[in-house]
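Student: Attaching a single structure in structure tokens format; questions to follow.
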Amino acid sequence: SEVSVGERRRAASRHGRLYNRPFVECFEETPMLVAVLTYMGYGILTIFGYLRDFLRHWQIERCPIAREREEQKDFVPLYQDFENFYTRNLYMRIRDNWNRPICSVPGAKMELMQRLSHDYNWTFEYTGRIVQDVINLGSYNYLGFAENTGPCADSAAEVTMKYGVGVASTRQETGNLDRHEEMEKLVANFLGVESAMAFGMGFATNSMNIPALAGKGCLILSDELNHTSLVLGARLSGSTIRVFKHNNMQSLEKLLREAIAHGQPRTHRPWKKILILVEGIYSMEGSIVRLPEVIALKKRYKAYLYLDEAHSIGALGPRGRGVVDYFGLDTCDVDVMMGTFTKSFGAAGGYIAGKRELIEYLRSHSHSAVYATSMSPPVVEQIITSMKCIMGEDGTTKGSERIQQLAENTVYFRKRLREMGFIIYGNNDSPVVPMMLYMPAKIGAFGREMFKRNIGVVVVGFPATPIIESRARFCISAAHTKDMLDRALSAISEVGDLLQLKYSRHRIKPCLERPFDNNLYEDIDD
């Protein structure tokens, strides 16, 4: 069976009544030999790291990284040598795979500035050559709105001429523009909630608003794979934090039962508030939250739900309304809806949406609302124009066509990778596609080999992932054509053979024709 070959199929058979469509996620287990070799690889790198640190200590090998000066040795250290061990000895070996300068619109294709290093990635110099027509599989440009031509770019340029670029004030002072008001009304209408408010930074939307919603005496239940912004916000709140296993409803229910039964530590008083933090799409796993079950538990135990739709808004659902739309649920069942404009809308910033009382409370209590500078007018206009396009208020069907194209591209890309024999994580409908690399040496090698073939990819390793689960993360876009995807898939297969990355122990028979499903969402009610 598939379980016997290490694949865990997360199906909703026991909770079928909660789902309108099959819910299946694949997480094939790491082959034992690959896991052993991965640990050995990190072990060897660690041994050589200590050896090189020994040589640096005796000044036999030069170390350009920041260090404490000899005259400051009795002070509290500003740079922690041991904490920087990973940066010095592992990250520097593959540093050339990150921070590559892009000199074009990060659309389906992009242009990169070529750079070289003559000191093993400690420093870089630019050659002056531009690498053109690089297929972009790394940007979160899900609906293809990251573009410098078309209605969005034209509207943003027009607004820039009228309002300028900067606002130079907070919303509560003289930085509240009519475009800000229009955007927030549009966001509320788009999500089907009473009210919404926007913030200039997606990360701060989580980290600065959660402390306003929870505090001492409150309990936060957080998914173990939640984004750093959610983790930081939970920590800053001063609440008690308990972590449940990723997308595991049994683990979440156990924590809810214990919280209700035992109350707060020592005093055993009831918790002032229990807040569940989850994401719509988990950006490293490609998995989708089991929202129907989370809502059922939230109602049963009288908890509150905070849903981060940074990656799912625009990218999921028949109307692009996110994971709530994807499951055909009522937005009233989600207490706090959070999302960002940085991905599907090709802009910047984030939003909080929900009941009017919630938004009015945050306007006066959120640090991000009180102290942050207002969003730039052209960014606001980009959000308004792209959102109207998705909603069909521009008088065209381009928005719905982009949503459908993204869904088709996602299903096709994931299916082809599985047919080739790669281990792919996540949900079949998730445009975030993690492909497992495992071994540390293959992280840098995969990124470099793909770049040689004019494919831009994101590679991720420890500590962003578990130590034996390094991966490449592809982000699919509606702007990708079939030819682009086929070229990328051909290059991935070629590099996969070169680096021996086809770890999957079972293969899916390939289909000769591209399986476009024109009725992909027909079983979900609008």
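Student: When the residues of the range 52-69 are filtered to those that are part of a loop (DSSP other than H, G, I, E, B), of a type in the set (D, E, K, R) and at pLDDT 80 or above, which remaining residue is most open to solvent (accessible area, probe 1.4 Å)?
Tutor: My answer is Arg62.
Student: Scan the range 335-357 residue by residue and report those that are open to solvent by 30 Å² or more (accessible area, probe 1.4 Å), touching a residue at least 12 places away in the same chain (Cβ under 8 Å) and over 20 Å from the mean Cα position of the chain (by Cα).
Tutor: Matches in the range 335-357: Asp335, Lys355, Arg356.
Student: Within the range 308-322, track down each residue that is surrounded by 22 or more Cβ atoms within 10 Å (Cβ to Cβ) and more than 23 Å from Met208 (Cα to Cα). Walk me through it before giving the result.
Tutor: Kept after step one, since they are surrounded by 22 or more Cβ atoms within 10 Å (Cβ to Cβ), are these residues of the range 308-322: 308-317, 320-322.
Matches in the range 308-322: Gly314, Ala315, Leu316, Gly317, Gly320, Arg321.
Student: Can you tell me which of (1) touching a Gly at 6+ places or on another chain (Cβ under 7 Å); (2) small (Gly, Ala, Ser); (3) modelled with pLDDT under 95 is the one Gly461 doesn't meet?
Tutor: (1)
Student: Does the range 70-107 hold any residues that are among the hydrophobic types (A, V, I, L, M, F, W, C), under 21 Å from Phe446 (Cβ atoms) and assigned to a loop (DSSP other than H, G, I, E, B), and which are they? If you could, list the steps in order and put the result at the bottom.
Tutor: Taking the range 70-107 first, the residues among the hydrophobic types (A, V, I, L, M, F, W, C) are 75-76, 78, 82, 85, 90, 92, 94, 98, 102-103, 105.
Among the residues that remain, those that are also under 21 Å from Phe446 (Cβ atoms) are: 90, 92, 94, 98, 102.
Result: Leu90, Trp98.
Student: Sticking with this one: Looking only at the range 143-199, count how many residues are in the same structural domain as Ala347 (by the TED database), closer than 28 Å to Gln405 by Cβ and aromatic (Phe, Trp, Tyr).
Tutor: The total comes to 1.
Student: Another question, then. Tell me whether the range 442-454 contains one or more residues that are touching a residue at least 24 places away in the same chain (Cβ under 8 Å) and either within 18 Å of Tyr412 (Cα to Cα) or assigned to a loop (DSSP other than H, G, I, E, B) (or both).
Tutor: Narrowing the range 442-454 to residues touching a residue at least 24 places away in the same chain (Cβ under 8 Å): 442-451, 453-454.
Within this subset, residues satisfying the condition of being either within 18 Å of Tyr412 (Cα to Cα) or assigned to a loop (DSSP other than H, G, I, E, B) (or both) are 453-454.
The answer is yes; a qualifying residue exists.
Student: Of the conditions (1) surrounded by fewer than 22 Cβ atoms within 10 Å (Cβ to Cβ); (2) of a type in the set (Phe, Trp, Tyr); (3) within 23 Å of Thr481 (Cα to Cα), Tyr371 fails just one. Which one is it?
Tutor: All conditions are met except number (3).
Student: Exactly one of (1) over 24 Å from the mean Cα position of the chain (by Cα); (2) charged (D, E, K, R); (3) open to solvent by less than 20 Å² (accessible area, probe 1.4 Å) is unmet by Lys299. Its number?
Tutor: So Lys299 meets the others, but not (3).
Student: Would you confirm whether or not the range 474-491 contains a residue that is in a strand (DSSP E or B), under 17 Å from the mean Cα position of the chain (by Cα) and closer than 18 Å to Phe422 by Cβ?
Tutor: Taking the range 474-491 and keeping what is in a strand (DSSP E or B), we get 474-475.
From the residues that got through so far, the ones that are under 17 Å from the mean Cα position of the chain (by Cα) too are 474-475.
Filter once more, keeping what is closer than 18 Å to Phe422 by Cβ: 474-475.
Checked the range 474-491: at least one residue is in a strand (DSSP E or B), under 17 Å from the mean Cα position of the chain (by Cα) and closer than 18 Å to Phe422 by Cβ.
Student: Being touching a helix residue (DSSP H, G or I) at 6+ places or on another chain (Cβ under 9 Å) and either in the same structural domain as Asn189 (by the TED database) or open to solvent by 10 Å² or more (accessible area, probe 1.4 Å) (or both) is the requirement here; does Arg402 meet it?
Tutor: Numbers: touching a helix residue (DSSP H, G or I) at 6+ places or on another chain (Cβ under 9 Å): yes; either in the same structural domain as Asn189 (by the TED database) or open to solvent by 10 Å² or more (accessible area, probe 1.4 Å) (or both): yes.
Yes: the conditions hold for Arg402.
Student: Among the numbered criteria (1) in contact with a helix residue (DSSP H, G or I) (Cβ under 7 Å, 6 or more places away or on another chain); (2) at pLDDT 95 or above, which single criterion is violated by Phe85?
Tutor: So the condition that Phe85 fails would be (2).
Student: Residue by residue through the range 237-259, note down the ones that are surrounded by fewer than 15 Cβ atoms within 10 Å (Cβ to Cβ) and either in contact (Cβ under 8 Å) with a residue 12 or more places away in the chain or on the phi > 0 side of the Ramachandran plot (or both).
Tutor: Passing the criteria: Gly238, Lys245, Arg257.
Student: Same structure, new question: Looking only at the range 86-122, count every residue that is out of contact with any strand residue (DSSP E or B) (no Cβ under 9 Å at 6 or more places or on another chain), farther than 27 Å from Leu489 by Cβ and loosely packed, with under 12 Cβ neighbours inside 10 Å and tell me the total.
Tutor: 3
Student: Now a separate question. Just to be sure, is Met435 open to solvent by less than 10 Å² (accessible area, probe 1.4 Å), in contact (Cβ under 8 Å) with a residue 60 or more places away in the chain and either under 30 Å from Thr160 (Cα atoms) or not assigned by the TED database to the domain that holds Val495 (or both)? Step through it out loud before you land on a result.
Tutor: On the way: open to solvent by less than 10 Å² (accessible area, probe 1.4 Å): yes; in contact (Cβ under 8 Å) with a residue 60 or more places away in the chain: yes; either under 30 Å from Thr160 (Cα atoms) or not assigned by the TED database to the domain that holds Val495 (or both): no.
Answer is no for this residue.
Student: Of all residues being crowded, with 20+ Cβ neighbours inside 10 Å and in contact with a strand residue (DSSP E or B) (Cβ under 7 Å, 6 or more places away or on another chain) in the range 267-282, which is farthest from Cys218 (Cα to Cα)? Just the residue, please. Write out each step before concluding.
Tutor: Of the range 267-282, the ones crowded, with 20+ Cβ neighbours inside 10 Å are 274-282.
Retained after the next criterion (residues that are in contact with a strand residue (DSSP E or B) (Cβ under 7 Å, 6 or more places away or on another chain)): 274-281.
On the way: Ile274: 6, Leu275: 8, Ile276: 11, Leu277: 13, Val278: 17, Glu279: 20, Gly280: 23, Ile281: 26 Å.
That would be Ile281.
Student: Here's a follow-up. What are the residue pairs meeting all of these: first residue in the range 310-334, first residue closer than 16 Å to Ala296 by Cα, second residue among the acidic types (Asp, Glu) and in a loop (DSSP other than H, G, I, E, B), Cβ atoms under 7 Å, and 6 or more apart or on different chains?
Tutor: Taking only residues 6 or more apart or on different chains, the pairs are Val323/Glu309; Gly328/Asp525.
Student: Could you grab me the full set of residues in the range 99-138 that are among the acidic types (Asp, Glu) and within 29 Å of the chain's Cα centre (by Cα)? Before you say what the answer is, go through the steps one by one.
Tutor: Residues of the range 99-138 that are among the acidic types (Asp, Glu), as a first pass: 111, 119, 125, 133.
Residues satisfying the conditions are Glu111, Asp133.
Student: Inspect all residues belonging to the range 89-99 and state whether any of them is assigned by the TED database to the domain that holds Pro434 and under 29 Å from Val380 (Cβ atoms).
Tutor: Looking only at the range 89-99, we keep the residues that are assigned by the TED database to the domain that holds Pro434, and these are 89-99.
Still in the list and also under 29 Å from Val380 (Cβ atoms): 99.
Within the range 89-99 (the criterion being assigned by the TED database to the domain that holds Pro434 and under 29 Å from Val380 (Cβ atoms)), the answer is yes, since at least one residue qualifies.
Student: Being open to solvent by less than 60 Å² (accessible area, probe 1.4 Å) and modelled with pLDDT under 95 is the filter; apply it to the range 167-199 and report the residue that is nearest to Arg363 (Cα to Cα).
Tutor: Arg171
The values are calculated or read from the model by the stated rules, or taken from the named source; none is laboratory data. In this text, all values refer to a predicted model and were calculated from it rather than measured experimentally. Positions of Cβ are backbone-derived with ideal geometry, glycine not excepted, and every protein chain shown enters the neighbour counts. These area figures cover heavy atoms from the full protein model, side chains too; ligands, DNA and RNA do not enter into them. Shrake-Rupley method; radii C 1.70, N 1.55, O 1.52, S 1.80 Å.
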